[in-house]
1. Once you compute Rg and the Kirkwood Rh from C-alpha atoms, what is the Rg to Rh ratio for the range 300-383?
2. With the full set of protein chains in place, find how many percent of the accessible area of the chain is carbon and sulfur; take the probe as 1.4 Å.
3. What would the Debye equation give as log₁₀ I(q)/I(0) for the range 32-115 at q = 0.23 Å⁻¹, counting only Cα atoms as equal point scatterers?
4. How large is the direction-averaged shadow of the alpha-carbon convex hull of the range 22-166, in nm²?
5. In terms of Cα to Cα distance under 14 Å, which aspartates and glutamates are near enough to K249, apart from those fewer than 8 places away along the same chain?
6. Please sort 14-21, 254-261 by packing, taking for each peptide the average over its residues of neighbouring beta carbons within 10 angstrom, highest first.
7. Report the FRET efficiency, 1/(1 + (r/R0)^6), for S366 and E338, where r is their Cβ-Cβ distance and R0 is 25 Å, rounded to 0.05.
8. Tell me, what is the Rg over Rh of the range 214-324, with Rh the Kirkwood radius over Cα pairs?
Amino acid sequence: MIETTAALADACRTLAKSEFVTVDTEFLRETTFWPELCLIQMASPDLEVIVDPLAKGLDLKPFFELMADTNVVKVFHAARQDLEIIYHLGKLIPHPIFDTQVAAMVCGFGDSVSYDQLVQRTKNVQIDKSSRFTDWSRRPLTEKQLEYALADVTHLRDVYLSLKEKLEQEGRATWVSEEMAILESPETYDMHPDDAWLRLKSRLRKPQELAVLKFVAAWREREARGRNVPRSRVLKDDAIYEIAQQQPKDTEALGRLRTIPKGWERSSSGSAIIESVNAALALPKTEMPHAPKHVHTPEGAQAAVELLKVLLRLTSEKHGVAAKVIANSDDLDKIAVEGDKAEVAALHGWRRELFGDAALKLISGSVALRFVDKKVEAVELEG
């Protein structure tokens, strides 16, 4: 258990000599906006360490320097939250990285395979997950907790090597590299407050409603970040939706909303909401936001979407690649309606070679689906 900066620097120097390092973190987020980092686990082929970021006086600078070392591949499983923590605390995104969950989907292990499932299937080892939801901020940590935490990076070494070999054998290493580019983009972890409304699952469509939604969501985002509390602690989603629909212009109108606690409208937060609503409504109509465009599926096109779903499943099974990595439902809708003009990932790169070209041929009538020997197969038609 590393608890000093000197010990961390020494360990990171040793880890930096390796071709790759497996990395995992334990954190808490129930009461904060930003994840509270409680533990860092790392392993190379020759060294395994656990770092206590809560230790008094510990400087994580050596860890961040290792994460920034382009000569060392940083291996994670389901990397997004770990990378968000490193980005927030260290103002950097590790590079290069390798996400074993993404690689596993490309290698035919199914959609979003969990770490313990992957270890079981590649190493035939069962991991004890009973410590997963323990309080990682309490000290001292138990031996059981430490064993669990270390297992998240020790088994990951063999999982990485196994997947890496499989990808190289099947010529799919570049497929994973394309997905890593998304994980290495700062925009993935630092959404601007003005874009926070895009996360909300709303059926609102009127420009005025969307303007209020945008301004109030942006206020909540800044407030939650500044106070380091969950968004719901500042204002619940249901309240934002009601405010966007009712558009209260004063505290009296705000206080009448069913989602607003009694008296809250007279607080500083209530005043800020009113300011946000009035500022949104004052926007010129040309500057008001519009709902994201959804592809309207014409009558009859839904049948084509259903055929594309069958073709996608056949492609997934044939090539051993998770369907969600190849295409999603929005991709299929757009291909069915827009054909080759659809701007979707499924019509670019390896996805087009694997599925996209066949999908276009299916909707143009030059590829058909038929049922033979109790199974469906795709056949190219002559002429």
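1. Values: Rg = 11.9 Å, Rh = 12.7 Å.
Over the Cα atoms of the range 300-383, Rg/Rh equals 0.94.
2. On the way: 9860 of 20450 Å².
Here it works out to 48 percent.
3. -1.28
4. Values: hull surface 36.3 nm².
Averaged projected hull area, Cα only: 9.1 nm².
5. Hits, sequence-local ones excluded: E209, E265, E275.
6. On the way: 14-21: 16.9, 254-261: 14.9.
Ranked from most to least packed, the peptides come out as 14-21, 254-261.
7. On the way: r = 18 Å, r/R0 = 0.71.
That pair, S366 with E338, gives E of 0.90.
8. Working: Rg = 21.5 Å, Rh = 17.5 Å.
Computed over Cα atoms, the ratio is 1.23.
The values are calculated or read from the model by the stated rules, or taken from the named source; none is laboratory data. Fair warning: this is a prediction, and the values are worked out from it, not measured in the lab. Glycine also receives a Cβ, built like all others from the backbone with ideal geometry; neighbour counts cover every protein chain displayed. All accessible areas refer to the heavy atoms of the entire protein, side chains included, with ligands and DNA or RNA removed. Shrake-Rupley method; radii C 1.70, N 1.55, O 1.52, S 1.80 Å.
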